[in-house]
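K.L.:
This is the structure, below, for whatever I ask next.
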Amino acid sequence: RREYQHPHGGPWLWAGVLLAGVYGGYFGAAQGIILIALLGIALDDDLQRLNATKNVLSAIVNGTAALLFIVLSWIGDNMIDWMAVLLVAIGATIGGLLGARVGRKIPPMVLRGVIVVVGLVALANLLL
């Protein structure tokens, strides 16, 4: 597929993942789609493994962003609605675990179709 293979995607992938992480840490919307697209383009691996890598990267980004927002709220003396934080954390954790489990079990072409549909729906919602 590629003239020059980089076992770890090369510097463009690392830069893209960094930018997606900064974007995802603040906005979060479509972060998974952006990451799976970057990983799919740069790495020669099966979709299930790329999806797992995307899930780990998203968890790292979201955990780091959460810690940063907590620290900044303490510095700025802002109040945090801990019930909302708890509900979002529980929902994100359950969604991540279920998504990883389902992603491992469905055929790669079906997973690819789901990713494309979700990406197009997200794009339509952002643009319209």
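The values are calculated or read from the model by the stated rules, or taken from the named source; none is laboratory data. Here the structure is a predicted model, which means the values were calculated and not measured. Ideal geometry is used to build each Cβ from the backbone, glycine not excepted, and the neighbour counts take in all protein chains shown. These area figures cover heavy atoms from the full protein model, side chains too; ligands, DNA and RNA do not enter into them. Shrake-Rupley method; radii C 1.70, N 1.55, O 1.52, S 1.80 Å.
K.L.:
For residue 96, state whether it is over 25 Å from residue 12 (Cα atoms), surrounded by 13 or more Cβ atoms within 10 Å (Cβ to Cβ) and either of a type in the set (Ser, Thr, Tyr) or touching a residue at least 12 places away in the same chain (Cβ under 8 Å) (or both).
P.N.:
Considered against the rule, which asks whether it is over 25 Å from residue 12 (Cα atoms), surrounded by 13 or more Cβ atoms within 10 Å (Cβ to Cβ) and either of a type in the set (Ser, Thr, Tyr) or touching a residue at least 12 places away in the same chain (Cβ under 8 Å) (or both), residue 96 comes out as yes.
K.L.:
Another question, if that's okay. Using the structure shown, decide if residue 70 is in contact with a helix residue (DSSP H, G or I) (Cβ under 7 Å, 6 or more places away or on another chain), among the β-branched types (Val, Ile, Thr), modelled with pLDDT under 90 and over 21 Å from residue 52 (Cα atoms). Full working, then the answer.
P.N.:
Numbers: in contact with a helix residue (DSSP H, G or I) (Cβ under 7 Å, 6 or more places away or on another chain): no; among the β-branched types (Val, Ile, Thr): yes; modelled with pLDDT under 90: yes; over 21 Å from residue 52 (Cα atoms): yes.
When the stated conditions are applied, residue 70 does not pass them.
K.L.:
Just to check your reading of the model, which residue among 115, 80, 94, 33 is of a type in the set (A, V, I, L, M) and in contact with a Ser or Thr (Cβ under 6 Å, 6 or more places away or on another chain)? If you could, list the steps in order and put the result at the bottom.
P.N.:
Numbers: 115 fails: in contact with a Ser or Thr (Cβ under 6 Å, 6 or more places away or on another chain); 94 fails: in contact with a Ser or Thr (Cβ under 6 Å, 6 or more places away or on another chain); 33 fails: in contact with a Ser or Thr (Cβ under 6 Å, 6 or more places away or on another chain).
On inspection, the qualifying residue turns out to be 80.
K.L.:
State whether the residues of the range 46-55 include one that is modelled with pLDDT of 90 or more, under 13 Å from residue 17 (Cα atoms) and in contact with an Asp or Glu (Cβ under 9 Å, 6 or more places away or on another chain).
P.N.:
Yes, there is a match, as at least one residue in the range 46-55 is modelled with pLDDT of 90 or more, under 13 Å from residue 17 (Cα atoms) and in contact with an Asp or Glu (Cβ under 9 Å, 6 or more places away or on another chain).
K.L.:
Just give me the residues in the range 112-128 being modelled with pLDDT under 85, closer than 11 Å to residue 51 by Cβ and either in contact with a Pro (Cβ under 7 Å, 6 or more places away or on another chain) or not basic (Lys, Arg) (or both), in sequence order.
P.N.:
If the condition is that a residue be modelled with pLDDT under 85, closer than 11 Å to residue 51 by Cβ and either in contact with a Pro (Cβ under 7 Å, 6 or more places away or on another chain) or not basic (Lys, Arg) (or both), then 115 is the only one that fits.
K.L.:
Let me ask another. Check residue 126 against each of (1) over 23 Å from residue 13 (Cα atoms); (2) among the aliphatic types (A, V, I, L, M); (3) free of Cβ contacts under 8 Å to residues at least 40 places away in the same chain and name the one condition it does not meet.
P.N.:
All conditions pass for residue 126, except number (3).
K.L.:
Can you find even one residue in the range 12-34 that is over 25 Å from residue 127 (Cα atoms) and either open to solvent by less than 30 Å² (accessible area, probe 1.4 Å) or in contact (Cβ under 8 Å) with a residue 12 or more places away in the chain (or both)? First the steps, then the outcome.
P.N.:
To start, the set of residues in the range 12-34 that are over 25 Å from residue 127 (Cα atoms) comprises 12-15.
When the remaining residues are screened for being either open to solvent by less than 30 Å² (accessible area, probe 1.4 Å) or in contact (Cβ under 8 Å) with a residue 12 or more places away in the chain (or both), the result is 12-13.
Scanning the range 12-34 turns up at least one residue that is over 25 Å from residue 127 (Cα atoms) and either open to solvent by less than 30 Å² (accessible area, probe 1.4 Å) or in contact (Cβ under 8 Å) with a residue 12 or more places away in the chain (or both).
K.L.:
For the range 76-92, does any single residue satisfy the condition of being under 12 Å from the mean Cα position of the chain (by Cα) and not β-branched (Val, Ile, Thr)?
P.N.:
Residues of the range 76-92 under 12 Å from the mean Cα position of the chain (by Cα): 92.
If we keep only those that are not β-branched (Val, Ile, Thr) as well, we get 92.
Yes, the range 76-92 contains a residue that is under 12 Å from the mean Cα position of the chain (by Cα) and not β-branched (Val, Ile, Thr).
K.L.:
When the residues of the range 42-59 are narrowed to those that are in contact (Cβ under 8 Å) with a residue 12 or more places away in the chain, more than 17 Å from residue 106 (Cα to Cα) and not charged (D, E, K, R), which ends up surrounded by the most Cβ atoms within 10 Å (Cβ to Cβ)? Before you say what the answer is, go through the steps one by one.
P.N.:
Of the residues in the range 42-59, the ones in contact (Cβ under 8 Å) with a residue 12 or more places away in the chain are 42-44, 46-48, 50-55, 57-59.
Remaining after also requiring more than 17 Å from residue 106 (Cα to Cα): 42-44, 57-59.
Going one step further and asking which of them are not charged (D, E, K, R), we end up with 42-43, 57-59.
Numbers: 42: 19, 43: 18, 57: 20, 58: 22, 59: 14.
By that ranking, first place goes to 58.
K.L.:
Let me ask you something else. Looking only at the range 1-11, decide whether some residue is more than 14 Å from the chain's Cα centre (by Cα), open to solvent by 40 Å² or more (accessible area, probe 1.4 Å) and small (Gly, Ala, Ser).
P.N.:
Here is the first cut: in the range 1-11, the residues more than 14 Å from the chain's Cα centre (by Cα) are 1-11.
Still in the running and open to solvent by 40 Å² or more (accessible area, probe 1.4 Å): 1-8, 11.
Remaining after also requiring small (Gly, Ala, Ser): none.
For the range 1-11, residues more than 14 Å from the chain's Cα centre (by Cα), open to solvent by 40 Å² or more (accessible area, probe 1.4 Å) and small (Gly, Ala, Ser): absent.
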